[in-house]
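The values are calculated or read from the model by the stated rules, or taken from the named source; none is laboratory data. Owing to the predicted nature of the structure, the values given are computational and were not obtained by experimental measurement. Note: ideal-geometry Cβ built from the backbone for every residue, glycine included; neighbour counts use all protein chains shown.
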C-alpha cells in the first residue's frame, strides 16, 4: 500500500507538467493552480520518498535558482509569467543533478518548439493550418507568442528519470 501511495505522489509531477503543456499550447496560459498544486505536492512526495534533509535543502536551493532564472527570463520578455512559475517549481521537484539535464533539455526543446512554429507559420503550411481548430490556427499566426510551457514540460519530463525522486522510488 505504501508503494502505491508513493507511486501516486511521484506521478503528480509528470501529470501536472503535461497538463501545463497542454494548457499552454491550447490557450497560451498556464493556470496558477498547476504551479501551486506542484508546490503543495512536493512536501508530501519528498516525505513519502524519504528524501534526506540535505537532499531537501538542495531541492529548495535548485528551486530558488529556478525561480531567479525564471524571473530573469520573464523580465527579458523571453517567457510568460506562467512559464516562469512552472520553470521554478519543476526545478524544485527535479533537484540536483537533474537540474542540469532539465536546463539543457528545456533549451533544446525550446529550439525545437521555435523551429516547429516557424515552419507552421510559414507561407507553405499556414494555409492548411487555418482550417483546423481555433487553438491550432492561433499557433500558426505570425507574430503570435510561443507556448514555452511545452519546452519546459519536455525538459522536465526528460530530466525526471535522473531526479532524486525517481532514484528513491527505484530503491523501494
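Summary table
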{"read-out": "Residue list for segment 141-172, filter: farther than 22 Å from residue 106 by Cα and surrounded by 13 or more Cβ atoms within 10 Å (Cβ to Cβ)", "value": "141, 168, 169"}
{"read-out": "Condition check for residue 121: surrounded by 14 or more Cβ atoms within 10 Å (Cβ to Cβ) and either at positive phi or in contact (Cβ under 8 Å) with a residue 40 or more places away in the chain (or both)", "value": "no"}
{"read-out": "Sole residue being without any contact (Cβ under 8 Å) to a residue 12 or more places away in the chain, under 24 Å from residue 104 (Cβ atoms) and not in a helix (DSSP H, G or I), chosen from 57, 77", "value": "77"}
{"read-out": "Given (1) in contact (Cβ under 8 Å) with a residue 60 or more places away in the chain; (2) over 24 Å from residue 78 (Cα atoms); (3) surrounded by fewer than 20 Cβ atoms within 10 Å (Cβ to Cβ), index of the condition residue 10 fails", "value": "(3)"}
{"read-out": "Some residue of segment 96-117 being part of a loop (DSSP other than H, G, I, E, B) and either closer than 30 Å to residue 13 by Cα or touching a helix residue (DSSP H, G or I) at 6+ places or on another chain (Cβ under 8 Å) (or both)", "value": "yes"}
{"read-out": "Hey, residue 69 under 16 Å from the mean Cα position of the chain (by Cα) and either surrounded by 20 or more Cβ atoms within 10 Å (Cβ to Cβ) or under 14 Å from residue 90 (Cβ atoms) (or both) or not", "value": "yes"}
{"read-out": "Residues satisfying the stated conditions in segment 131-145, i.e. more than 10 Å from residue 121 (Cα to Cα) and part of a loop (DSSP other than H, G, I, E, B)", "value": "131, 132, 133, 145"}
{"read-out": "Candidate set: segment 38-59, residues that are at pLDDT 95 or above and surrounded by fewer than 17 Cβ atoms within 10 Å (Cβ to Cβ); chosen: the one nearest to residue 97 (Cα to Cα)", "value": "39"}
{"read-out": "Looking only at segment 45-54, and only at residues there that are part of a helix (DSSP H, G or I) and touching a residue at least 12 places away in the same chain (Cβ under 8 Å), the one that is farthest from residue 156 (Cα to Cα)", "value": "48"}
{"read-out": "Residue under evaluation residue 28, criteria (1) in contact with a helix residue (DSSP H, G or I) (Cβ under 9 Å, 6 or more places away or on another chain); (2) within 14 Å of residue 156 (Cβ to Cβ), criterion not met", "value": "(2)"}
{"read-out": "Failed condition for residue 29, given (1) in a helix (DSSP H, G or I); (2) surrounded by fewer than 20 Cβ atoms within 10 Å (Cβ to Cβ)", "value": "(1)"}
{"read-out": "Residue in segment 89-99 that is surrounded by fewer than 20 Cβ atoms within 10 Å (Cβ to Cβ) and free of Cβ contacts under 8 Å to residues at least 12 places away in the same chain present", "value": "no"}
